[in-house]
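See below for the structure under consideration.
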Ligand code: IFM
């Protein structure tokens with residue numbers, strides 16, 4: 001089979017997030033997060049599932065790291081649970097929380113796996129939500145203090161930091177559509193949340209520089225690759241609008257361009273402006289070391305003058321994954337090419353990419369062909385984008401193991417390792433074996 005190689009220095013990893021895998025929500029002094037609270041409310045999560053046990057990683061992290069090493073992972077991206085460190089979001093430090101991440105990091109380093117830590121992957125301390133959450137400007141300053149604490153305590157051993165995971169999802173699905181915690185539906189609040197998330201990112205980057213730890217820091221955004229549905233000029237314009245509202249809204253301020261004019265005007269017209277104060281845009285544009293790219297699929301775009309935003313998505317034409325996303329192997333390479341060109345060839349890490357595929361075990365074997373075929377396609381596209389000049393330093397498959405998929409509970413599986421939620425047995429799937437081989441050979445077979 002033809003084979004495509006990645007650069008020698010390319011890093012191969014896997015990603016997870018605290019609330020999705022750890023469990024132990026009330027153990028060792030941890031405070032509650034907005035997800036602990038949301039999961040107790042009827043109707044918020046499919047099947048009434050909660051993250052109370054999840055993958056029990058809090059107790060099984062040693063075995064999990066051993067499995068990562070067995071698969072050959074070179075780097076592991078996890079998130080730190082803010083309320084495990086600061087039960088009320090600020091104030092008294094929970095030493096046992098710090099100790100957990102310290103032991104995890106030591107275990108990773110001993111196994112030769114580089115840690116990459118995300119400061120915020122959606123589990124805001126409920127105590128901060130009670131004070132206004134991300135709609136309150138204060139939360140941005142609390143976030144920078146929380147970051148400073150982690151840099152001081154773990155910064156010598158963690159060389160790569162991500163401020164936020166997918167601010168768009170926190171803002172949009174948590175505060176406009178309301179299907180994720182904290183479950184608010186208000187465009188004015190959404191605008192405040194967007195601005196405060198970005199401001200907190202900039203403050204946390206500044207704090208990292210001040211800490212002088214010498215590693216890398218960046219931000220990870222949620223993306224989709226937008227494609228015009230046809231060649232009509234209005235479709236091209238609509239595609240640019242979709243990019244403004246989804247991609248540029250979060251990337252432009254980080255790269256010093258402020259908010260896209262189209263989005264700013266839309267928000268003002270709706271009476272939901274971004275609460276920008278003097279100097280904020282400079283803080284948000286604090287220089288980062290890399291851009292984190294999360295991407296799973298593509299969306300074809302059409303003009304729609306009946307919608308305030310001026311665009312809509314065309315119906316899917318490709319087969320769908322178990323998440324209902326189009327199985328579009330070219331989406332990763334296309335988006336990386338786009339974002340690389342748009343922002344002047346930044347250093348990129350693909351911090352999440354993967355496939356939802358619920359193929360179950362048969363006689364103890366999980367033969368997840370749909371996942372592994374699409375993964376191969378994604379990687380071939382990524383190699384091509386690198387060949388075209390994108391500066392991509394690494395790839396983290398989402399996810400290391402099946403886990404709590406937010407409002408969809410345990411009904412959707414993204415892991416390359418199967419989690420048996422009854423027994424907590426881990427079964428590496430066929431895709432894990434293929435991914436191991438990709439890592440070992442430093443490249444991928446072209447399907
Ligand atoms: O599980 C999520 C993750 O928490 C954020 N990015 C997308 C993943 C799959 O939906």
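Every residue, every condition in (1) within 16 Å of the ligand (Cβ to nearest atom); (2) surrounded by fewer than 18 Cβ atoms within 10 Å (Cβ to Cβ); (3) at pLDDT below 95; (4) at negative phi, yes or no:
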| site | (1), (2), (3), (4) |
| --- | --- |
| 65 | no, no, no, yes |
| 74 | no, yes, no, yes |
| 91 | no, yes, no, no |
| 108 | no, no, no, yes |
| 121 | yes, no, no, yes |
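Please find, within region 314-337, the residue that is surrounded by the most Cβ atoms within 10 Å (Cβ to Cβ) out of those that are more than 16 Å from the ligand (Cβ to nearest atom) and in a helix (DSSP H, G or I). If you could, list the steps in order and put the result at the bottom.
Quick first cut of region 314-337, residues more than 16 Å from the ligand (Cβ to nearest atom) only: 314-319, 329-330, 333-334, 336-337.
Subsequent filtering for residues that are in a helix (DSSP H, G or I) retains 330, 333-334, 336-337.
Values: 330: 17, 333: 25, 334: 19, 336: 27, 337: 19.
Filtering region 314-337 for residues that are more than 16 Å from the ligand (Cβ to nearest atom) and in a helix (DSSP H, G or I), the one surrounded by the most Cβ atoms within 10 Å (Cβ to Cβ) comes out as 336.
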Fill in the blank from the handout: Considering residues that are within 16 Å of the ligand (Cβ to nearest atom) and surrounded by fewer than 18 Cβ atoms within 10 Å (Cβ to Cβ), the number found within region 345-369 is 1
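Would you mind stating whether residue 431 is in contact (Cβ under 8 Å) with a residue 12 or more places away in the chain, surrounded by 19 or more Cβ atoms within 10 Å (Cβ to Cβ) and within 20 Å of residue 62 (Cα to Cα)? Lay out the reasoning, then the answer.
Values: in contact (Cβ under 8 Å) with a residue 12 or more places away in the chain: yes; surrounded by 19 or more Cβ atoms within 10 Å (Cβ to Cβ): yes; within 20 Å of residue 62 (Cα to Cα): no.
Considered against the rule, which asks whether it is in contact (Cβ under 8 Å) with a residue 12 or more places away in the chain, surrounded by 19 or more Cβ atoms within 10 Å (Cβ to Cβ) and within 20 Å of residue 62 (Cα to Cα), residue 431 comes out as no.
For region 338-354, does any single residue satisfy the condition of being part of a helix (DSSP H, G or I) and within 23 Å of residue 161 (Cβ to Cβ)? Quick ask: steps written out before the conclusion?
Step one: list which residues in region 338-354 are part of a helix (DSSP H, G or I), which gives 338-342.
Within this subset, residues satisfying the condition of being within 23 Å of residue 161 (Cβ to Cβ) are 339-340.
So far as region 338-354 goes, yes, one or more of its residues are part of a helix (DSSP H, G or I) and within 23 Å of residue 161 (Cβ to Cβ).
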Problem - Count of residues meeting criterion [away from the ligand (no atom under 16 Å from the Cβ) and either in a loop (DSSP other than H, G, I, E, B) or under 13 Å from residue 54 (Cβ atoms) (or both)] in region 1-22 - result: 7
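The values are calculated or read from the model by the stated rules, or taken from the named source; none is laboratory data. The structure displayed is predicted, hence computed values, not measured ones. Every residue, glycine among them, receives a Cβ derived from its backbone with ideal geometry; neighbour counts consider all protein chains shown.
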